[in-house]
Amino acid sequence: MGDKANAHPGAAGRATAADHPASVRNVVLVGHSGSGKTTLVEALALTAGAVNRAGRVEDGGTVSDYDEIEHRQQRSVQLSLVPVDWDGYKINVLDTPGYADFVGELRAGLRAADAALFVVSASDGVDGSTRMVWEECAAVGMPRAIVVTHLESARADFDEMTRICADAFGGDDPDAVLPLYLPLHGAAGPDGHVPVTGLIGLLSQRLFDYSSGERKESEPGPEHLPLIEAARNRLIEGIISESEDETLMDRYLGGEEIDFKTLVQDLERAVARGVFHPVLAAAPAAEGARQGLGTVELFELITGGFPTPLEREAPMVTTPDGRARKVRACDPDGPLVAEVVKTASDPYVGRVSMVRVFSGTLRPDETVHVSGHGLADRGHEDHDVDERIGALSAPFGKQQRALTHAIAGDLACVAKLNRAETGDTLSAKDDPLLMEPWEMPDPLLPLAIQAHSKADEDKLSQGLGRLVAEDPTMRLEQNQNTHQVVLWCLGEAHADVALERLRNRYGVQVDVVPHKVSLRETFAAKSAGRGRHVKQSGGHGQYAICEIEVEPLPGGSGIEFVDKVVGGAVPRQFIPSVEKGVRAQAARGVTTGYPLIDVRITLTDGKAHSVDSSDAAFQTAGALALREAANDARIHLLEPVAEVTVLVGDEYVGAVMSDLSGRRGRVVGTEQAPGGRTLVRAEVPEIEIGRYAVDLRSLSHGTARFDRAYARHEPMPPQLTDRIREQAQGVH
C-alpha cells in the first residue's frame, strides 16, 4: 500500500463477471449524512474510469425514483451498488444512506460487504450513530478503515481529525487507528485558505502529488521528512504491535530497520484481520481532472488490505425444515446459496433484486428455489417457491450492464424475481436452503393511512404489499381493534419516502390520519341492569326481559358470563342468546365505543313469552341490560401500557428519565451497559410514545435506541378519560 505502480483503469461502464472470488472485493461505505460518501463513490469511479461522458459516475442504485426522492430529501435514502474495475480486481462499492431512518439499507450493505470504509468529514467529526455502527462491525470482526473527506473545508484539520477518530474508534488501543498518509499542502490562496494538493506516504516516504489532476509520485524534499518522522515511527510501532511475528517488535526496538515489504505485508494482514484501522484522506477531483486526491491510495488499501470473499465465514445455512447444513465458504462449484440484500421496482423491467452470492454460481435463465423467513408479523406474505432467474446485470447508474454469471463472492442484480423479497435465500430448486436472517431494527413510528379514493382503495393492498417486500424495516399492521391500516416506520423521513413511493411508483394516493391506540373499558364497581325488549305491533311480537349483575375482574380476565337463573324464568334455550347479546355489546363498548373487558356478567332473572320470545329478542335484551348497568356505574377507560427499554449514553440518562416522567412513565430500573451506556427500563402509556422514535433521536442526538412491548391495560387519569368521552359524544 502506498508504493504500488499506478493501476490501469478499467474500460468505462464494462460489466465484469469475476472468474474467481480472490479477484472480488466487496466494500461498504458508512458515515453520517453529509459526510461525503456519494461524492467519494463518484471520485473512485472517476479514477477507475467507470464514468459517463460528462466525467461523472451515473447515479448509483437500481431503482428509477432514485433522483426524484433523493433530490427532494437532499440525502441518500437507499443502498446503491457501483462496481468498478481496478488493476485486475472487481470492486463492488456499496454506498449506504447516512440518516438513521434508513438504517435498514445500511444493515443490508453490511451484510453484502466483507469490509467497511468509514467516511468522516474533516469539518463535522464523528457522530454517535457512526460510533454505534463501528461497534456493530467490531462485534463481528469486520475489517474497517477510515477515510477523511472535506479536506477543502476552511475548518478542516487532518491531524485533529485523526485524533478524534482514534478516540472514537480506538477503544482501549488508540494506536490501532493511525494515518497511513499525511496531507501535502499547496500555496495559500487569496482568501488565505491552504489547499491540500497531495499526500505523503508514511511507510514509503514517497510524495504523491495530485495538483495536476493525475497522481504523480516523487521523492519528498528535505523539508518534508522531519514533518513525518514522529507519525511514521508511531505507525510502524502500531503495525508491528499487531504483527503475527512476535520477534518483530524486539528487533525494531533494538534499532533494526524493518524492511518496507515486511511492514506492508503486516499492515495488510492486520487490516484484513480487523485489528488495525488505517486512516486515509480523499477529495474529489477538480473539474476536468482524472483522479481525485487519495483515490489511488484507497484502491491500494481495498485490493491489498481488505479481505477477499474467501476469507469471510458464510452465515449459517439450514434446510427449510431447520436442519443445519454445512456449506463450504465461497465455493463457486458448491451448492447455490445466494441472498437478496435489496429489492426494488422499476416501471420498465419490474422487480429488480440485488443479490450477494455466498456459494455456487448464479446464471441467467435457471430456475432457483426462493426461501423466505415467513415475516408474517411484519405484513409479509409467506413464500417458499421456485422462480426462474431473469437477466443478470451489474448496475451502471440507471443502466443495467449484462452479466454472464455471478460466482460466489460477487454481487449482481437479478431481474423479474416476482416473489423474492429482501432477506430471502436463493438456492438450487432440488436442494433448497435457507440462510439465517440478518438483524433488522424494529420500526417503532406508526403511520396510520387510508385510501384517498375508491380507486386508490383497490390498489392500496397491493402497493403496501410491495412496499414491505422491498423494505423489511417496515411493518404492515391491519389493526382489528382500531380498524386502522398502520405502516410502522423507523422515522419521519422513512415514512415520507414510503408515502412518496406509494404515490409515484404504485400510483396510490393515501391520506395520513391520527393513529389510534387500543383503549378498553371496564366497570369500576359492581352494578346491575335490566334489559326489557317488548314490542307488539301486529303479527308476531318480540318479548324478552333479563336482569344481570356486572362486577369487575382482575386484568386479563376477559368477559366471564355466569347463569344463575332459577325456576326457568329465562328458558334454557335463550340463555346462550342473552350471553351472545351481552358479549356483542361488550365488543361495541358501553360509553365510548371501546371494547369492555375484565368483568363478570351474571344473569340472575328474566321473563319470557310463550309465543313472542325469540333468540333475537333475548340478544337485544342482554345488550340493553348491559348498557343500563353501565349507566348506573362508574366506568374506567383503560389504556395500553408498554414496557419500554432505552439504551442511552450515560450523558443523556437524566434527560431521558425526565422525558419519560413527562410522558406519565414510571422508571422501574436502570443498569449499566457496555460502552458507557445505561439501560433504562420504564412503563409508559402507549398513547404517550407514538412519536417517541423521533423525539428520542432528537433528545440523544441519534445515539439512543429503544424497544417496546405491550404490558397491560391500566385506568387512564380522569382528566384524559373525560376528554375522550367528550370526543366520543361529539362523534355520536
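The values are calculated or read from the model by the stated rules, or taken from the named source; none is laboratory data. What you see is a predicted model; the values in this text were computed from it and never measured. Counting neighbours? That spans all protein chains shown, and the Cβs are built from the backbone with ideal geometry, glycine included. The protein model used for the area step is the full one, side chains on, heavy atoms only, and it has no ligands, DNA or RNA in it. Shrake-Rupley method; radii C 1.70, N 1.55, O 1.52, S 1.80 Å.
In region 505-532, what residues are in contact with a Ser or Thr (Cβ under 9 Å, 6 or more places away or on another chain) and either part of a loop (DSSP other than H, G, I, E, B) or more than 13 Å from residue 626 (Cβ to Cβ) (or both)?
The answer is 505, 506, 509, 515, 516, 517, 518, 519.
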Residue list for region 298-322, restricted to those being at pLDDT below 90 and under 23 Å from residue 270 (Cβ atoms): 312, 313
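Tell me, which strands (runs of 3 or more DSSP E) lie completely within region 363-481 with 3 or more residues that are modelled with pLDDT under 90 and open to solvent by 60 Å² or more (accessible area, probe 1.4 Å)? Please lay out each step first, then the result.
On the way: elements: 367-371, 384-388, 392-396, 399-402, 411-415, 425-428, 445-451, 475-479.
Fully inside region 363-481 and qualifying: 399-402.
Please find, within region 497-506, the residue that is least open to solvent (accessible area, probe 1.4 Å) out of those that are touching a residue at least 12 places away in the same chain (Cβ under 8 Å) and farther than 17 Å from residue 445 by Cβ.
Narrowing region 497-506 to residues touching a residue at least 12 places away in the same chain (Cβ under 8 Å): 497-502, 504-506.
Filter again for farther than 17 Å from residue 445 by Cβ, leaving 504-506.
Details: 504: 86, 505: 49, 506: 30 Å².
Only one residue fits best here, namely 506.
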Filter result (touching a residue at least 60 places away in the same chain (Cβ under 8 Å), buried (at least 18 other Cβ atoms within 10 Å of the Cβ) and assigned to a helix (DSSP H, G or I)) within region 258-285: 263, 264, 267, 268, 271, 272
Lone qualifier among 577, 557, 537 - being within 41 Å of the chain's Cα centre (by Cα) and outside any strand (DSSP E or B): 557
Residue satisfying all of: in region 507-562; touching a Lys or Arg at 6+ places or on another chain (Cβ under 8 Å) and at positive phi; surrounded by the fewest Cβ atoms within 10 Å (Cβ to Cβ) among these: 556
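Within region 591-599, does at least one residue satisfy the condition of being in a strand (DSSP E or B) and either touching a residue at least 40 places away in the same chain (Cβ under 8 Å) or closer than 30 Å to residue 542 by Cβ (or both)? Outline the logic, then answer.
The first filter runs over region 591-599 and keeps only residues in a strand (DSSP E or B), leaving 596, 599.
This time we only want the ones that are either touching a residue at least 40 places away in the same chain (Cβ under 8 Å) or closer than 30 Å to residue 542 by Cβ (or both), so: 596, 599.
Yes - at least one qualifying residue is present in region 591-599.
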Positions within region 664-695 being of a type in the set (Lys, Arg), crowded, with 16+ Cβ neighbours inside 10 Å and more than 20 Å from residue 132 (Cα to Cα), in sequence order: 664
Where a residue in region 445-458 is over 17 Å from residue 479 (Cβ atoms) and its partner, wherever it lies, is among the β-branched types (Val, Ile, Thr) and open to solvent by 20 Å² or more (accessible area, probe 1.4 Å), with Cβ under 8 Å and at least six apart: 452/510; 456/510
Strands (runs of 3 or more DSSP E) wholly inside region 121-219 that include at least 2 residues being in contact with a helix residue (DSSP H, G or I) (Cβ under 8 Å, 6 or more places away or on another chain): 144-149, 177-179, 181-185, 196-201
Matching residues, region 291-322, being out of contact with any Pro (no Cβ under 8 Å at 6 or more places or on another chain) and more than 17 Å from residue 117 (Cα to Cα): 291, 311, 313, 314, 315, 316, 317, 318, 321, 322
